[in-house]
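Report on one structure; see the data block that follows.
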Amino acid sequence: MDAENDTDSLRLTAEELAFLLSDPQSRADREERNARANRTRTERRRNDPAYAERLRNEDRLRQRRHRAKAAIGQPEREPDPPVPLPALSAADALRRLEAHLDAAATPQAAQLRRRPEALRRYAAAFELYRALSDRGERPTRGALAAAFAARLGLALTPSQIQKLRDQVEGFARPGGPWHAG
């Protein structure tokens with residue numbers, strides 16, 4: 001082992017050096033300030049819905065910018081194809097879903113069986129997904145949200161729309177109530 005390699009293993013990174021040279025009291029003060037700010041922000045978020053919504057929107061925007069930055073130089077992804085769904089009416093889709101949930105012995109199925117309004121929403125989502133996917137493209141969340149608002153008068157959040165689309169696609173998998181095979 002030569003001396004040059006031995007001294008390289010003793011070198012500190014800038015972060016390690018800054019940590020060793022920092023004042024422990026200032027670090028403790030900074031940690032206390034951060035904890036106090038977090039408690040204040042959490043309390044305000046709990047008591048002020050407008051503030052909480054603004055924080056969520058800022059977080060979504062930050063995530064969108066991060067994804068856009070990460071996508072620079074990457075080839076554009078091909079859009080996902082729509083999941084094939086059988087030609088059923090919303091009522092038939094609801095009956096199949098109810099029968100499927102009655103046969104399933106999972107906690108999720110039991111929870112859904114107790115929520116008939118959720119089942120009706122899934123059946124409506126099935127019908128809207130099928131109508132929107134006629135063009136051969138997977139329906140976007142925006143298109144589904146607009147269809148729910150226009151046809152059913154329901155204003156749903158992006159996460160609710162995402163969950164509905166995921167559930168429709170999940171129920172269309174082999175073994176699901178809406179499998180087209």
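Couple of notes before you dig in:
- Full extension of the chain between K69 and A91 gives 3.5 nm of extra length, using 0.36 nm per residue less the Cα-Cα distance.
- Between Q25 and R44, the modelled label-to-label distance comes to 3.0 nm, taking each label 7 Å out from Cα in the direction of the beta carbon.
- The heavy atoms of H179 present about 70 square angstrom of accessible area, all protein chains included, probe 1.4 Å.
- Per residue accessible area in Å² of the chain, where ligands, DNA and RNA are left out and the probe is 1.4 Å: 73 Å²
- Cα→Cβ-extended label distance, 7 Å offset, between T13 and D134, nm: 5.7 nm
- Look at the alpha carbon pairs under 8 Å that are at least 6 residues apart: their mean separation over the length of the stretch 1-133 gives a relative contact order of 16 percent.
- Once the Cα atoms are used to define both axes, helix 24-47 deviates from the longest principal axis of the chain by about 20 degrees.
- Surface share of carbon and sulfur [accessible, 1.4 angstrom probe, percent] for the chain: 52 percent
- Candidate values (i) 10.3; (ii) 20.1; (iii) 13.6, label of the one derived for mean projected area of the Cα convex hull in nm²: (ii)
- Folded to 0 to 90 degrees: helix 116-132 orientation relative to the chain principal axis, Cα: 90 degrees
The values are calculated or read from the model by the stated rules, or taken from the named source; none is laboratory data. Since the structure is predicted, the reported quantities are computational estimates derived from the model, not experimental observations. Here Cβ is always computed from backbone atoms with ideal geometry, including for glycine, and neighbour counts include all displayed protein chains. Calculation scope for accessible area: heavy atoms of the full protein, side chains included, ligands and nucleic acids excluded. Shrake-Rupley method; radii C 1.70, N 1.55, O 1.52, S 1.80 Å.
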